[in-house]
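Colleague: The structure is given below, and queries will be raised subsequently.
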Amino acid sequence: MKIRSSEMVVSAVNRNQYPTEGIPEIALVGRSNVGKSSTINTLLNRRNFARTSQTPGKTRTINFFLINNEFYFVDLPGYGYAKIAKSEKEKWGTIMERYLQDREELCAIFLLVDIRHEPTNDDVMMYEWIKHFGYNCVVIATKADKISRGQYQKHMSIIRKKLQLDKDEKIIPISSLKKTGVEDVWNEIVNQYNQ
Ligand code: GDP
């Protein structure tokens, strides 16, 4: 994928702030620290474009990045940071639900999990939510450089089993550090928004 342009268009909290042009959207979600900002920066070949989070769990907005004037990357707020207050968790839930309910432009949600670990219960809840709202789900297994290639399959089957993925749902390993898997993720993004 050749990136001709990428710009952060809006940081939204309420529905009336979402883009209204009807351009297709691809959302990314995952627990805090999973490597979501790094993944966005890697996919767009930019540094510090999507902010890597300094205080995990702090971002409580939905950020829309317009790519090539063709589609939006939608950066959803991270979850699962142990130290946040209950009221913050509720705020996260409200913001997410507002967006996920009935978003026609949304073609697919890319759920990011750490390739090394079995998905957390929060990850399972997120996956179930995605399915509940009826969106396509693609799993990105981040930080793939932390294990050897020979271990990919084993780790991917642990992820598949814990999330109870459907047979046709994909898991794509990526490393933002080594820049591997980038093309595979791009192919799937294009595949999803052209469907
Ligand atoms: P976010 O909170 O999900 O946006 O996560 P960040 O992108 O801020 O990344 C969290 C931490 O994981 C940072 O210290 C990153 O440097 C590190 N990280 C992210 N992606 C990778 C990767 O592909 N490989 C390695 N080794 N570390 C990564």
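Colleague: Residue pairs, Cβ under 6 Å, 6 or more apart or interchain, first in the stretch 139-157 and touching a residue at least 12 places away in the same chain (Cβ under 8 Å) and among the aromatic types (F, W, Y), second within 14 Å of the ligand (Cβ to nearest atom) and not in a loop (DSSP other than H, G, I, E, B). List them.
Modeller: From residues that are touching a residue at least 12 places away in the same chain (Cβ under 8 Å) and among the aromatic types (F, W, Y), the pairs are Y152/P173.
Colleague: Being charged (D, E, K, R) and touching a residue at least 12 places away in the same chain (Cβ under 8 Å) is the filter here, so list the residues in the stretch 66-101 that pass it.
Modeller: E70, D75, K83, E88, K91, R98
Colleague: When you look at I115, is it at pLDDT 95 or above, crowded, with 16+ Cβ neighbours inside 10 Å and either of a type in the set (G, A, S) or within 16 Å of the ligand (Cβ to nearest atom) (or both), yes or no?
Modeller: So I115 fits the description; yes.
Colleague: Suppose the filter is under 18 Å from I189 (Cβ atoms), away from the ligand (no atom under 13 Å from the Cβ) and touching a residue at least 60 places away in the same chain (Cβ under 8 Å); does M8 pass it?
Modeller: no
Colleague: Out of the stretch 155-195, which residues are over 22 Å from K131 (Cα atoms) and among the aliphatic types (A, V, I, L, M)?
Modeller: Correct list: I174, L177, V182.
Colleague: Still on this model: When both residues are 6+ apart or on different chains and their Cβ atoms are under 9 Å apart, which pairs have a first residue that lies in the stretch 23-45 and is farther than 18 Å from V139 by Cβ, and a second that is within 8 Å of the ligand (Cβ to nearest atom) and not in a loop (DSSP other than H, G, I, E, B)?
Modeller: As it stands, the answer is none, since no pair meets every condition given.
Colleague: Then there is this: Give the residue that is surrounded by the fewest Cβ atoms within 10 Å (Cβ to Cβ), with candidates limited to residues of the stretch 26-45 that are over 11 Å from the mean Cα position of the chain (by Cα) and more than 6 Å from the ligand (Cβ to nearest atom).
Modeller: My answer is N45.
Colleague: Another question about this same structure. For the stretch 177-192, check the following and say yes or no: at least one residue is away from the ligand (no atom under 16 Å from the Cβ), under 30 Å from I23 (Cβ atoms), more than 14 Å from the chain's Cα centre (by Cα) and not β-branched (V, I, T).
Modeller: Yes - at least one qualifying residue is present in the stretch 177-192.
Colleague: When the residues of the stretch 132-146 are narrowed to those that are surrounded by fewer than 16 Cβ atoms within 10 Å (Cβ to Cβ) and farther than 19 Å from Q195 by Cα, which ends up farthest from the ligand (Cβ to nearest atom)?
Modeller: Ranking the qualifying residues of the stretch 132-146, first place goes to H132.
The values are calculated or read from the model by the stated rules, or taken from the named source; none is laboratory data. Bear in mind the structure is a predicted one, so any value in this text is a computation, not a measurement. Positions of Cβ are generated from backbone atoms using ideal geometry, with glycine treated the same way; all protein chains shown enter the neighbour counts.
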